[in-house]
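Right, one structure below, let's go through it.
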Amino acid sequence: MRKIIAVVLATAGMFSGYAQNVPSPQQFLGYKVGTRFTPHYKILNYFKSVADAAPNMVKIEKYGETYEGRDLEVAFIALPENLQKLDAIRLNNLRLAGMARDKMAPVTDGAPAIVWLSYNVHGNEPASSEAAMLTLFALVDPANTATKEYLKNTVVVIDPCINPDGRDRYVNWYNSIVGGAFNADNQAREHNEPWPQGRTNHYNFDLNRDWAWQTQKESQQRLKLYNQWLPQVHVDFHEQGYNAPYYFAPAAEPYHEVITKWQRDFQVQIGKNNAKYFDNNGWLYFTKEEFDLFYPSYGDTYPVYNGSIGMTFEQGGIGAGLGIKTRDDDTLTLVERALHHYTTGMSTIEISSQNAGKLITEFKKFFDDTRSGVGFDYKTYVLTAKDPNRLQAVAELMQQNGIDYGSTTTKTFRGINYANGKEEAYNDEGYQLAVTTNQPKGKLVKVLLEPKGYLSDSATYDITAWSVPYVYGVTAYEVKDRLDVGAYNAAPAVTTVQSAYGLLVPYTSLNDTKLLCYLLQKGIKVRYSLKPFSFNGKSYDRGTLIILKGNNDADWSDIVNAGCKQFNVQADAVASGFMEKGADFGSSDVRFIHAPKVALLSGRQVSSSSAGEVWSLFDQTLHYPITLLNAENLTFTNLSNYDVLIVPDGSYQVLDSKGGIEKLQDFVKSGGKIVAMESGVSAIAQGDFGLKLKEDSAPDENKNKNDSDYTILKKFGDRNKNDITGSIPGAIYKVELDNTHPLAFGYPETYYTLKQDSKIYQFLKDGWNVGVIKQSAYTSGFVGSKLKPSLKNGLIIGATQYGRGDVVFFADDVLFRLFWQNGKLMFSNAVFLVGE
């Protein structure tokens, strides 16, 4: 195999003898690509050196920085005549999509196809960034005449590393422990990466699940640039388990129904072109399996829903280091992995160049049809809420994705109410946001907002439900007609309020929690009411924040008003503690909010993504201090330093011991509070907290069957389908809330949860069953036929007192990937309100 590789590398012009003024990667780095891991800064330096050597063909653009301060850059590669008119090409491409502001007619004849190659979104899948250097050189190398033919019809965009923080975390670790030669033994420590591994970004987020939601800084900056271009072809380069052959398009089912025939067909053409090169070299590959096109926030699906041919390419290699023995007794090297990615990248550019004219016309047709409303049964989505900040969060999501939105010019219409699936007259709650599919981003609108997506196949790679109204906790209607949508009617600007006694802040959205955290950080003393009350003819609901002059510093009012303006929250003046209805401010039903000291379990026994969600929420959203503790050190950690301990999803061996559980029990007995999530709940349920997992109530199909009952016999070929019947990859369920409990303050009587497992709990006998799913709670997404009957009549969200402290339970992830917007307020309530 090594002989074949050497021939391919040489013919690709990757050795120094073929270069003239443009340095090859080997010349610049001092080593052959794949024989070492290259740090991110050296990759960027190589790209800069090529751009300096060939400024008429390469332009480097910095589009942002990571959380750790590393540069994010792309390289534009084109023939000189196209590079000098690069912005004109970009504008014409937006005109093809109907996205240009100038509204000029686009040019199709001779327009180059934009091919965007994205590398290393998962930091510990590092071969692709090495391949990016090979691809850049091949495109610019004067000796490589074939690539100059490709560039006659294409402009290539290379993002060499989407996730530099994760890549350097992995590369720096690996380089620090590998010997003079790599060890191919898969048990060697160089193949066993420590927690949290390099896959994710600084906050342990999987950036390949963040394209649409853009919760992370890297995604926000990248998608801003991406939406200024909208390429015809996008490839997202990955690695998978090192024993797996290479995967490339066409993708597996399910495909979302908005994907066009052309988008399907051209994936096949690209796959066949890739296969030609792999067959010639005897390299194994697979297609049409595992990696589907449904969940909208991947590096293949998001481009697809934005008119592109979006694809994932997967090379075997996670954990392989510089080389590893596979189950076939072959040694898979980084050299080979980089070569495979280089080959599919160049193959994609080649076939795209050969079909550039068709790519352009079909790209234009995609957007023309979308703007004309072709293929949409429902043409308008109308969202309404009592709190404008809940809709503003949706508006920000629309803006990030280039989606037009506004407010309807009429409020007299009918639509399908998301709450019950019935057609009803629209009921306005005070504020409104409307989106029509008759716009360039109409297909993305449908994918993000429709209440249920059609699944052509139940075997999916990710969650199957994510409808924005459920995720953001707003009332919504799906309307068949195209309603007139005018300018967005935003809430009036926040006004400064003066009072000689105090200020009131209704508590109805995450913005109010942000304000609370801001005030606590400023040393402002804040109270809240357990019961509704009224003052000066206005009613205030449970949870209303009460800030009084009496026990605050002289500048209290200035601080509160500044915070209200910052977080878009309108305060009201209150002149007395004597209420017209409800509890007066000296009542025991008005509670003081202590600024809690919060700790989060993290480390090897904890899900890095779950811990990352909490860490990011506190650090980047609430801007409230949090201490990360190693879970494995729990038994000798002084928990008395903290008021709240968050136990995220994980596998807690430390809680399997008597000492670990007793540590938590003592913490709560002495007045501490535990907030547990997902498997963290089942872990602490071993303690005497009154929580018990509900036994599966689904009928056992094998019960009472004897050896002569042939219905228990199953075919080996049906094993995958049989597994699906007991799975729930991610479906939405309606939760009935007790919104008189502080945990559910700011909510109506329902909440929509994302269920990803079968766990529900028995109703608490001595605690508070704050969130339960009842008989008909299923709302959207795939649930296996064997599992579905058991997901009813159980506890999802609860709270109980234990000694002087409290325990709060979330059976599901209310912070899922931090895009599950409506869960953030409830999680914050658990930390700041429950038990006060």
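Here are the numbers:
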{"read-out": "Average silhouette area of region 194-311, convex hull of alpha-carbon atoms, in square nanometres", "value": "8.4"}
{"read-out": "Computed E for Lys597/Glu61 - FRET, C-beta separation, R0 56 angstrom, nearest 0.05", "value": "0.80"}
{"read-out": "Selection of chymotrypsin sites (Phe, Trp or Tyr not before Pro), region 451-491, meeting DSSP coil and at most 11 other Cβ within 10 Å", "value": "Tyr454"}
{"read-out": "Simple Cβ-charge dipole of the chain, Lys/Arg +1 and Asp/Glu -1, about Cα centre, in debye nearest 20", "value": "680"}
{"read-out": "Where only C-alpha atoms are counted, convex hull volume of region 501-623 per residue in Å³", "value": "115"}
{"read-out": "Overall Cα dimensions of region 471-510, principal axis frame, Å, largest first", "value": "52, 24, 11"}
{"read-out": "Farthest positive-ward along the chain dipole, Cα basis, beta-carbon charges - from Tyr305, Val140, Ala685", "value": "Tyr305"}
{"read-out": "Cα pair count fraction exceeding 16 Å, expressed as % - region 599-684", "value": "48"}
{"read-out": "The chain, relative contact order [Cα under 8 Å, separation at least 6], %", "value": "10"}
{"read-out": "Crossing angle, helix 127-140 versus the chain [Cα axis fit, 0-90 degrees, rounded to tens]", "value": "50"}
{"read-out": "Built amide H within the under 5 Å cut-off of Tyr242, gap 5+", "value": "Gly317, Ile318"}
{"read-out": "Charge context of Ser372, other residues only, Cβ under 13 angstrom, K/R +1, D/E -1", "value": "+4"}
{"read-out": "Whole-percent carbon and sulfur share, accessible surface of the chain, 1.4 Å", "value": "47"}
{"read-out": "The chain: antiparallel DSSP beta bridges as a percent of all, rounded to 5", "value": "65"}
{"read-out": "Karplus (6.51, -1.76, 1.60) ³J(HN,Hα), θ = phi - 60°, over region 172-181, in Hz, Gly and Pro reported as x", "value": "5, 5, 4, 4, 7, 10, 6, x, x, 10"}
{"read-out": "The chain: calculated mean residue ellipticity at 222 nm from DSSP helix runs of at least 4, using -39500 (n - 2.57)", "value": "-9000 deg cm²/dmol"}
{"read-out": "Residue (of Asn204, Gln439, Ile593) at the positive-pole extreme of the chain, dipole from beta-carbon charges", "value": "Gln439"}
{"read-out": "Kirkwood Rh in Å, taken over all unlike Cα pairs in region 227-291", "value": "13.3"}
{"read-out": "Proximal charge balance of Pro742 [Cβ under 15 Å; K/R count +1, D/E count -1]", "value": "-1"}
{"read-out": "Local net charge near Val569, Cβ-Cβ under 10 Å (Lys/Arg +1, Asp/Glu -1)", "value": "0"}
{"read-out": "In sequence order, calculated HN-Hα J values of region 383-399 (Karplus, 6.51, -1.76, 1.60; Hz; x Gly/Pro)", "value": "10, 9, 7, 7, 9, x, 5, 5, 6, 4, 4, 5, 4, 5, 4, 4, 4"}
{"read-out": "Principal axis box of region 180-251, alpha-carbon based, largest edge first, Å", "value": "46, 32, 23"}
{"read-out": "Per residue accessible area of the chain, 1.4 Å probe, in Å²", "value": "39"}
{"read-out": "J(HN,Hα) series, region 503-513, from Karplus relation 6.51 cos²θ - 1.76 cosθ + 1.60, nearest Hz, glycine and proline x", "value": "10, 10, 10, x, 10, 9, 8, 4, 4, 5, 5"}
{"read-out": "Cα gyration tensor shape of region 119-249, rounded if a/c is under 1.5, else prolate or oblate by comparing a/b with b/c", "value": "oblate"}
{"read-out": "Distance (nanometres) between label positions extended 7 Å along Cα→Cβ at Ala100 and Lys581", "value": "6.0"}
{"read-out": "Distant alpha-carbon pairs in region 714-836 (separation over 25 angstrom), percent", "value": "28"}
{"read-out": "All Cα pairs of region 324-396, percent lying beyond 19 Å", "value": "70"}
{"read-out": "Pairwise label distance in nanometres, Thr725 with Lys32, each label 7 Å out on the Cα-Cβ vector", "value": "5.3"}
{"read-out": "Pairwise FRET efficiency - Glu81 versus Lys669, Cβ, R0 = 51 Å, nearest 0.05", "value": "0.10"}
{"read-out": "Mean shadow area of region 266-412 over all directions, Cα convex hull, nm²", "value": "13.5"}
{"read-out": "Solvent exposure, largest accessible area first (probe 1.4 Å, DNA, RNA and ligands not counted), of Trp615, Trp195", "value": "Trp195, Trp615"}
{"read-out": "Neighbour cut-off at most 15 other Cβ (10 Å), DSSP loop, GluC sites (Glu not before Pro), region 563-653", "value": "Glu580"}
{"read-out": "Simple Cβ-charge dipole of region 226-361, Lys/Arg +1 and Asp/Glu -1, about Cα centre, in debye nearest 20", "value": "360"}
{"read-out": "Entries in Lys597/Lys824; Lys379/Lys441; Lys261/Lys364; Lys48/Lys441; Lys386/Lys765 that, when Cα-Cα distance is taken, lie over 24 Å", "value": "Lys48/Lys441; Lys386/Lys765"}
{"read-out": "Check: region 389-492 dipole with +1 on Lys, Arg Cβ and -1 on Asp, Glu Cβ, in debye", "value": "120"}
{"read-out": "Theoretical gain in end-to-end length, Arg604 to Asn175 [0.36 nm per residue, Cα-Cα removed]", "value": "152.3 nm"}
{"read-out": "Convex hull volume per residue for the chain, taking Cα atoms only, in Å³", "value": "186"}
{"read-out": "Rel. contact order, % - alpha carbon contacts under 8 angstrom, at least six apart, region 712-803", "value": "35"}
{"read-out": "Pair Thr331, Tyr454: separation of 7 Å Cα→Cβ label points (nm)", "value": "5.3"}
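The values are calculated or read from the model by the stated rules, or taken from the named source; none is laboratory data. Quantities reported herein were computed from a predicted structural model and do not represent experimental measurements. Virtual Cβ from ideal backbone geometry, glycine too; neighbours counted across all protein chains shown. The area values use the complete protein model at the heavy-atom level, side chains included, leaving out ligands, DNA and RNA. Shrake-Rupley method; radii C 1.70, N 1.55, O 1.52, S 1.80 Å.
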